[in-house]
1. Each label point is 7 Å from the Cα along the Cα-to-Cβ direction; what then is the distance between the points at B:Ile245 and A:Ser129, in nm?
2. By how many nm would the segment from A:Ala340 to A:Ile291 lengthen if fully extended, with 0.36 nm per residue of separation less the alpha-carbon distance?
3. Determine the shielding of peptide B:294-305 by partner chains: average, over its residues, the number of Cβ atoms on other chains within 10 angstrom of each Cβ.
4. Give me the inter-chain shielding for B:92-105: mean count of other chain Cβ atoms within 10 Å, whole number please.
5. On a C-alpha basis, how far is the centre of the range A:310-378 from the centre of the range B:116-167 in Å? Whole number, if you could?
6. Filter chain A for me: DSSP H helices, axial length by Cα at least 15 angstrom, mean Kyte-Doolittle hydropathy not below 1.0. List them by residue number.
7. What's the center-to-center distance, using Cα atoms, between the range B:252-293 and the range B:52-84 in Å?
8. Please arrange A:Lys258, A:Lys290 by counting, for each residue, the other beta carbons lying within 10 Å of its beta carbon, fewest first.
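None of the figures in this text is laboratory data; all of them are computed from the coordinates on show. Quick caveat: nothing in here was measured; it's all calculated off a predicted structure. Heads up, the Cβs are rebuilt from the backbone with ideal geometry, glycines too, and the neighbour counts pull from every protein chain shown.
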Amino acid sequence: MFFALDPLPPANLLAARDQMAITLGFHIVLACLGVAFPTLLLIANWRAIRHDDADALRLARRWTRIIAVTFAVGAVSGTVLSFEMGLLWPGLMGRFGAAYGIPFAVEGIFFFLEAIFIAIYIYGWDRLSPWVHFVSGMPIAIAGFGGTFSVVTANAWMNQPAGFTLGADGQVTDVQPLGVIFNNATWYEAGHMFLAAYMVTGFLLASTYAVGRLRGRLDRYTRLGFMIPFAVAAIATPLQIGMGDIAARAVYADQPVKFAAMELVQTTGPNQPVVLGGILVNGQVVGGLKIPGLDSLLAGFNTNTVIQGLDSVPAADQPPVDVVHLAWDTMLSAGFGLLALAAWFGLTWLRRRELPTSRWFYRFAAIAGVAAVVALEAGWVVTEVGRQPWVVYGLLRTSDAVTRAPGTLVSFVIVLLVYVVLGTSTLLVLRAMSRQGGGEAAEEARDGVPYGPSR
Amino acid sequence: MISEADLVAAVLWLGVTVYAVLGGADFGAGLWDLLAGDAQQGEAPRNLIDASIGPVWEANHTWLIFDLVILWSAFPVAFASVMSTLFIPLTLAAFGIILRGSGFAFRKYTQRLSTRRTFGATFAASSVITPFFLGTALGAIASGRVPAGNATGDPWTSWLNPTSILVGGLAVAAGAYVAAVFLVAAARRRHDAALERYFRQRALAMGIVTGGLSLAGIAILHADAPALFAGLTGRALPLVAGSVILGSTGLLMLVRGAARGIRPLAAAAVTAIIWGWGVAQLPAILPGSLTIDAAAAPAGTLDALIVISIVAALTIGPSLGLLFALDGRSRLEAHR
């Protein structure tokens, strides 16, 4: 067939993988904002109407403008990924598009609804009555949930391909769409990603108000702007730790080689330690802190649990171990750091019904946004690099999926430059928008009346 | 006999048509933005362009995503072949898409004139580049220059050839024509006679350019893409003729200063030519290499896509209707 496998020196492979990593690593942050930000906005909007809260109203209007920018950039950076599916990985799409493509078609509906209702909501300020306007924002949050579910389904399918039959020539001959969508990894990957979106968005947004507080802004507007996103992220964090635990155990069962790389397990056997930090040099763990038996205990609730080692497969079938392991440790460190911060917040709130007052709390909160993004990117590296050398686990090697078009190196370099400029511009525009915050009144005057239909 | 694959191909063609009309018009508006002159001269037309495409461009853009996902799920080999052979123009189109969208959004939310100018120029220039490269890719497919396989076509001549350049130019010109016609209607709703005249002149000029390109296209296709030419002048002739009639009627109405009906006419002229192309190359999806039936995914996938398309029509249709209705109504109110 047209995309049958035959050996080819994978000259394009590294450039294509790096380009995919940059564009996806960029988009995933905006995707998180697209999924979770509307919910935070609706919370502020609800407060504004229900309690006639002028500060909440200012926040909701402000956040709408930020979403307008991040959604636009997210929409087009997501489109680039759609192009790259074919530009970089024609071997994947040509052979498996009939199965792998289905979740994206479902996602298309959610994305469409998201784009439409975001426009209605942004445009509806001052043009719709307050509650109608609020309701017009609800489909955005729902579509964010559905969109996450379907697009992560596609990634889960790459880890646990299901719902199809392969013919003798290696082509997909029969497809069961529901089998594709509800594959083994769908639930834990989608749940993990959905909570990650709320953590990233909540901590990122809260961190900007934490910086404001450290600079001496103690007004109610700043406190509320901190409180809403931080509370949401603080609720998501413990759930995420639990979800991550389930996901890790599922990876142990479903993708033992990825799990071995995450935990630096060399040789199959029981009583495996958890290694914090450390790398592999000539098959030996160098550096790092060993906690004996913990890995086996976590994977199977018993130190006698046998963990499959990297040596169970040939070297050509092993992922880049150190990258996966260090990314895994990075994600865990950031995740548990955020859990501690969330606990600080939660305990203070339960005891005194108010925000922590310690400057140290706000110093940590100010870096929590970056920490959440680091955890997100590291987790993504674990999933993606840990699956290597496969693009479809056990069925298709990444080197067989890559394009044979000349020029991937050139396009990678240009992509790198464009994304540096794009990322910088996005940050500068958002910063300029927050600086205009000093002149809130001017902003509102330009936007029209604070709230309500213009008639 | 119409197969399930034909049905999904028709859905795909429908998606391509809507994107060509609505997405094409948004790109065309970018071209008018580019040509609107300095900050003072261009303020009024740029404001109208901004207000007209601002609320709808993301929804219109989503049709492209819809087309891509249908293509790669239903006709995976065709998708992979197109994207790998046309790596260069489609990479450039992807750059154009990201610069267009972010440039537009950044301009809207920044204050400083110099920054706005930079972002505005990025938005406007990429609005011209993107449809051109997408057009060259369509020309490559239509003229049979994309064989099935992983980058098996020529990386350069597949899209640097007379037919591709023609279709690229037509994509830019037709988009600019439709955009100008839409902007005439938008200016009219605002009761802005000066802007209405401004865009009416531009619509006329671009209509003549589009017509001229199409005439030149007859000779180009005859020489460069005989199979496509035969299809367009044979089986697809009614659609091609329809496009010509709709286009010239629209031009006549513009000359006479009519407002009612010019938008549907412009949209219909574009629609007719896109379906003319589809009919001309039937039953091929990649002419000379792959038919719709041979490229089609297994029945399970096609069933799923038909269900998804029905759900999409039932949910997206009314939502889009709501968006366009609100858009039209509130603009009317805001400027009365």
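1. 4.9
2. Net length gain for the segment: 15.5 nm.
3. 6
4. Per residue, the average neighbour count from other chains is 6.
5. 44
6. The answer, listed by residue number, is A:13-50, A:90-124, A:408-435.
7. Their Cα centres are 18 Å away from one another.
8. Taking fewest neighbouring Cβ atoms as first place, the list is A:Lys290, A:Lys258.
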